[in-house]
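Rule-based calculations on the coordinates, nothing more; no lab input. Predicted, not measured: the structure shown is a model, and the values here were computed from it. For neighbour counting, all protein chains shown are included, and Cβ atoms are generated from backbone atoms with ideal geometry for every residue, glycine included.
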Amino acid sequence: MGEAGGRAAKGPRCIALVGPYLSGKTTLLEAILYRSGTIQRQGRVSDRTTVGDSAPEARAHGMSVELNVASIDFLGETFTFVDCPGSIEFAEEARNALAGCDAAVVVAEPDDKKVPALQLILKQLDQLSIPRFIFVNKIDRTEQRLHEVLAYMQPASSRPLVLRQVPIWEDGSAKGFVDLALERAYVYRPQAPSEVIEIPKDMMAREKEARFAMLERLADYDDELLEQLLNDMEPPRDRVFADLTREVGEGLITPVLFGSAENGNGILRLLKALRHEAPGVAATGKRLGLDAGKAGSVAQVIKTFHTPHGGKLSLVRVLAGELSDGSILHGARGQDARVAGVFQLMGQEPRKVASTRAGETVALGRLETIQTGETVSTVKGETPQLVRSVPPEPVYGFAISVADRKDEVKLTGAIAKLVEEDPSLRLDHNQETHEMVLWGQGEMHLRVALERLAGKFGVNARSKPRHVAYKETIRKSVQIRGRHKKQSGGHGQFGDVVVEIAPRSRGEGFLFSDSITGGVVPKQYIPAVEAGVVEYMHHGPLGFPVIDIHVNLSDGSYHSVDSSEMAFKTAARVAMTDGMPQCQPVLLEPIVHVDLHVPSEATPRVNQIVSGRRGQLLGFDAREGWPGWDTVEANIPEAEIGNLIVELRSATAGVGTFTYRHDHLAELTGRLAEQVMAARKAEAA
């Protein structure tokens, strides 16, 4: 593939920028674009002048809400950076993108309160075996020593953190650094490349100690290097860089660099580390299990965009071969799609190009049948399906509607496009409450979805809290007669039934039977009686669906001329209407089993949250595979989990989450039951 700077070039590479919310990823992307000469002026997030976060929703909220993509040329090599949102509510954006990336730069702040959020990111990278670097940002805003920062970050990482630099401190702030691999010192210059200087004399001992610690860590995976260190031999510099490259690529270590993205400090050193040590697309294909010799040209779809004028764009990482306008691609389900344009993205701006090659990250036009996460290939029947993210279960939802019912089709069509762009959204048509419910990962997630519906698709949707599927049942039995008699000229209507209504145990459901003797109710009318009972059960005396009752038809009478199926169906409804209020009806509310995943230090606060929501704590235990985290188990009324995620995130610095499932129905009485029934009557009025 040729040489670049004395080393084998690895082709165009794709690097994910990930990290906790507000760690400075978008600012780092901007600094990278400026340092590489891709843009002429470094914008600021606060001024809304960055290449990333250019979508209206991102600008309005001052935060990343979707992927931002930009490419640079650096020392003869091409890099595409994928800036991923840091908020847990938009984490699915990163999940879909990461598998096809060669490496990730984890942008972190020197703040121990952000460690749980950092751990979430690192866990995600572990699951996909992504090589990673940590860039400790905002080094200019801290007086903490870097070894202290690494000490509280290390428990969050499954891989050893290897310090690549040590800062040069002056008057309590970092004015430069020493590169431990090069053994060279640099002083920061405002918005300019750092200047090489002699290693300060008062730092030499610390530099030697830190360099030896780095080499010791590298030697854990290199016996020859270990032998050199034991014999006090200085290893060749090329050997050190070769070990760094190999051990990063194999996922054995995580190098740690630092700087200030806002001031442009440490950017070139980060880029040079990526250039030398980040693996290329061939290694990524191997990690994903791609047999490039069989599959032709292969690409992984990492994001879908619906543009106002250009239609659907599929952001892809090309893993093998070449693609061009008109290429025919085959998807996971055997479907075909023709590429209608190849585009490079700079933030939200597409620029058309003729073709694309392995390693590049581009947008392909009009792949209408291809979904986010799919792998596509030019060889039919040989499309390998590589890693595909499974969207997380939603934790927040609200009912959604439009003012004019004729716009409902437009609404569902627009939401379908939103879900295609962001698979962590979900639209459910709840058959029990007769609502359309939009589900997502949090309050901000759904707020942005509504803003996109209005701004991007011209659909102004209304939202309100979703209904809870209350039920009702009875506590006592009753026998009741229901008679329907009507005479209005010609044939009349006559139906007469006696039914016994009795409670059943919870979960046994509805049972209808008959004990008719002597034909007092002819057999052909008995199904109509059952139909009348079932029809009534949709709305019991409290206003909710009735469950767990036994209705037995025990007696009745008929008229040879005036009786009919409709008459007996109506008589059954009369019996149920008169009898059910006498059976001591009781309201039932759904109870869900909840597993709350939270940092251990927040567990006492989370226990209080559960208790404050009428929850029953079942216990807690250490979260398996997550040092410093607990899983709290509880049963909570479904009515109390509507905005649980909002309070949970507030109590856990934005990182707590939960999963839940229906557990059982429980009686609800007293003031709360009265409020529920009053609300139902008000809606029905």
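Side notes on the structure shown:
- Between S560 and D140, the contour length at 0.36 nm per residue exceeds the Cα-Cα span by 141.6 nm.
- Here's how it looks for G266: its modeled amide H is under 5 Å from those of S260, which are all 5 or more places away or on a different chain.
- Dipole size of the chain about its Cα centre, with +1 on Lys/Arg Cβ and -1 on Asp/Glu Cβ: approximately 1700 debye, rounded to the nearest 20.
- Karplus-based coupling profile of region 589-598, in residue order and whole Hz: 10, x, 10, 10, 8, 10, 10, 9, 9, 9, with θ = phi - 60° in 6.51 cos²θ - 1.76 cosθ + 1.60 and x standing for Gly or Pro.
- DSSP bridge pairs, the chain: antiparallel proportion in percent, nearest 5: 80 percent
- For the pair V409 and Q479, label points projected 7 Å from Cα toward Cβ lie 5.6 nm apart.
- Two-site FRET efficiency, L511 against D663, from Cβ-Cβ distance with R₀ of 30 Å, rounded to 0.05: 0.80
- Rg/Rh ratio calculated on Cα atoms of region 472-583 (Kirkwood radius): 0.99
- Two-site FRET efficiency, Q385 against N460, from Cβ-Cβ distance with R₀ of 41 Å, rounded to 0.05: 0.60
- Principal-axis tilt of helix 204-219 within the chain, Cα atoms, nearest 10 degrees: 60 degrees
- Alpha-carbon centroids, region 394-429 and region 197-231: separation in whole Å: 57 Å
- Amide H within-cut-off set for S173, under 5 Å, with H built and near neighbours excluded: none
- Compared with the alpha-carbon gap, the fully stretched path from D336 to R614 is longer by 94.8 nm at 0.36 nm per residue.
- Helical content alone sets the calculated 222 nm signal of the chain at -8500 deg cm²/dmol, taking -39,500 (n - 2.57) per DSSP H segment of four or more residues and averaging over every residue.
- Sorted fewest first by neighbouring Cβ atoms within 10 angstrom, D562, D179 come out as D562, D179.
- Tilt relative to the chain, helix 25-35 - C-alpha long axis, 0 to 90 degrees, to 10: 30 degrees
- Each Lys and Arg Cβ is given +1 and each Asp and Glu Cβ -1; about its Cα centre, region 420-511 then shows a dipole of about 640 debye.
- Charge dipole (debye, nearest 20) of region 63-181; +1 at Cβ of Lys and Arg, -1 at Cβ of Asp and Glu: 360 debye
- Evaluated at q = 0.09 Å⁻¹: base-10 log I(q)/I(0), Debye formula over Cα of the chain: -0.86
- Long-range amide H partners of K303 with built H, under 5 Å: L315, G373
- Of the residues D407, D222, D171, D53, the one with the fewest other Cβ atoms within 10 Å heads the list, and the complete ranking is D171, D407, D222, D53.
- When every Cα-Cα distance of region 3-285 is counted in 5 angstrom steps from zero, the calculated P(r) takes the values 1, 6, 13, 17, 20, 18, 14, 7, 3, 1, 0, 0, 0 percent.
- The slack between T307 and A192, meaning 0.36 nm per residue of separation minus the straight C-alpha distance, is 37.7 nm.
- Across region 528-669, the mean sequence separation of Cα contacts (distance under 8 Å, 6 or more residues apart), normalised by length, yields a relative contact order of 27 percent.
- The long axis of helix 526-536 is offset from the longest Cα principal axis of the chain by roughly 50 degrees.
- Y152 paired with N643, simple spin-label distance in nm, labels 7 Å along Cα-to-beta-carbon: 3.1 nm
- Summarising the strand pairing of region 472-583, around 75 percent of its internal DSSP beta bridges are antiparallel.
- 3J(HN,Hα) from dihedral phi, region 503-519, Karplus parametrisation 6.51/-1.76/1.60, rounded to Hz, x for glycine, proline: x, 10, 5, 4, x, 7, x, 9, 9, 10, 9, 9, 10, 5, 10, x, x
- Spherically averaged projected area in nm², based on the convex hull that wraps the Cα atoms of region 289-439: 10.8 nm²
- From phi via Karplus (6.51, -1.76, 1.60), per-residue ³J(HN,Hα) for region 400-413 in Hz, x at Gly/Pro: 10, 7, 10, 5, 10, 4, 5, 8, 5, 5, 5, 5, 5, x
- Ranked by the mean number of other Cβ atoms within 10 Å of their residues, highest first, the peptides 28-36, 108-116, 208-216 fall in the order 28-36, 108-116, 208-216.
- Sites A213 and Q127, calculated FRET efficiency, Cβ-Cβ separation with R0 45 Å, nearest 0.05: 0.95
- Relative contact order (%) - criterion: Cα under 8 Å, at least six apart; region: the chain: 10 percent
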